[in-house]
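Visitor: The structure under discussion is supplied below as structure tokens; questions concerning it will follow.
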Amino acid sequence: MTNSSSARLSTLACDIGATRIKLGLVHEAKVIAQDMIASYSEGPLADRLPDLAAAFRKLCAANGIKPRDCAGISLSLPSIVDAATGRILAEYGRFRDMPGLDLRGWAKAEFGLPLALENDARMATIGEWRHGAGRGCDDLVMITLGTGLGTSAICQGRVLRGKHGQAGCLCGHLTLHYNGRPCGCGNIGCAEAEASSKFLSELAHARPDFAQSALRHEPLLDFAAVFRRAAEGDACALAIREHSLRVWSALAVNLIHAYDPELVIVGGGIMGSADVIQPAMQAYIDQHAHTPWGRVRVVPSQLGDAAALIAGAWLLQEQSLSL
Ligand SMILES: [Zn+2]
């Protein structure tokens, strides 16, 4: 791939997380090369842009491509993004300078390229919809189970965004318990505050049986440990597993009732335990979702971390058409 006509089909894609910034060179819906740099998200994102530019240049050079011959840059971010204007509307204690950044201006000045940006869960959903578990389905929702709970919806073949870009994206902050745990978003009893990696330690320590649990001796208290200890019969781990499966399933029912999808795609790091999560969510939905037209299927994501990178080409095309 050394001539500019094939490079034109490539996208420089970037998924900005709290600890890692993943970069990819994407060609025809495949990540052909990737790299990773540290986020240092407690500092400003502006300080990471020179390293990001250098990493993109390195990726291009290693693959015989000039950055300016690419279709553009895509960026997925852990925030609410107004995709039409390119404005980032909030920060959540990470990269506090995000709302004031002109990332499109940066991409133009640095590479002479257009830049498309979106919420990270929505990017993953677009990737799965166009190229992964959601191919051929124009009504779907996706839930990513990870540090937080990300959600997004595709309705009648359109990416659901709403007036300010937040429609469908905040369902991890739908209220599951009105007298539940306070969440960082300002709400109380959010699904995310009831069962996500961010709140797992708090959830476990609040249980009286935690003191007797093998979880107490885990070097890293994450959901992989919870599912492993639950499979061994640990009572505390079993209770946390059942609680979390119910929270994620109830959240899925809420999304089904709100957005009328045919498919629920479930992704994120916690889906390393998909063999337990997928059938549990399917059974709960079969029993509790009101879908008189038929059955909503629950499927694991197919593209994993690559989904948000692969979505970049579609997003660039969509945003260039709407500009
Ligand atoms: Zn919340």
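Each reported figure results from applying straightforward, stated rules to the coordinates on display, with no laboratory input. This one's a predicted model, so the numbers in the text were calculated from it and none came from an experiment. We place every Cβ from the backbone using ideal geometry, glycine too, and count neighbours over all the protein chains shown.
Visitor: Quick one: how many lysine pairs in the chain have C-alpha atoms under 21 angstrom apart, if they're 8 or more apart or on different chains?
Guide: Count of close lysine pairs: 10.
Visitor: Hey, in the GNM for the chain with a 10 angstrom Cα cutoff, which one of Lys163, Lys58, Lys198 fluctuates hardest?
Guide: Lys163
Visitor: Sticking with this one: Using the Cα centre of the chain as origin and beta-carbon charges of +1 (Lys, Arg) and -1 (Asp, Glu), tell me which of Ala121, Ala33, Ile265 is placed farthest towards the positive end of the dipole.
Guide: Checking the options against the dipole of the chain, the answer is Ala33.
Visitor: Run the helix sum for the chain: -39,500 (n - 2.57) per DSSP H stretch of 4+ residues, divided by residue count, reported at 222 nm to the nearest 500 deg cm²/dmol.
Guide: Calculated at 222 nm, the ellipticity per residue is -11000 deg cm²/dmol.
Visitor: Here's a follow-up. Can you sort Leu303, Leu49 from fewest to most other Cβ atoms within 10 Å of each residue's own Cβ?
Guide: Going from sparsest to densest Cβ surroundings: Leu49, Leu303.
Visitor: What ranking of Trp293, Trp314 emerges when the number of other C-beta atoms within 10 Å of each C-beta is taken as an exposure proxy, fewest first? Intermediate values should be presented prior to the final figure.
Guide: Values: Trp293 7, Trp314 20.
Ordered by Cβ neighbours within 10 Å, fewest first: Trp293, Trp314.
Visitor: Could you list Arg87, Arg246 so that the one with the fewest beta carbons within 10 Å of its beta carbon is first and the one with the most is last? Mind showing how you got there, number by number?
Guide: Values: Arg87 19, Arg246 16.
Starting with the residue having the fewest Cβ neighbours, the order is Arg246, Arg87.
Visitor: With a ≥ b ≥ c taken as the square roots of the eigenvalues of the C-alpha gyration tensor of region 133-300, please select rounded if a/c is under 1.5 and otherwise prolate if a/b is larger than b/c or oblate if it is not?
Guide: Prolate.
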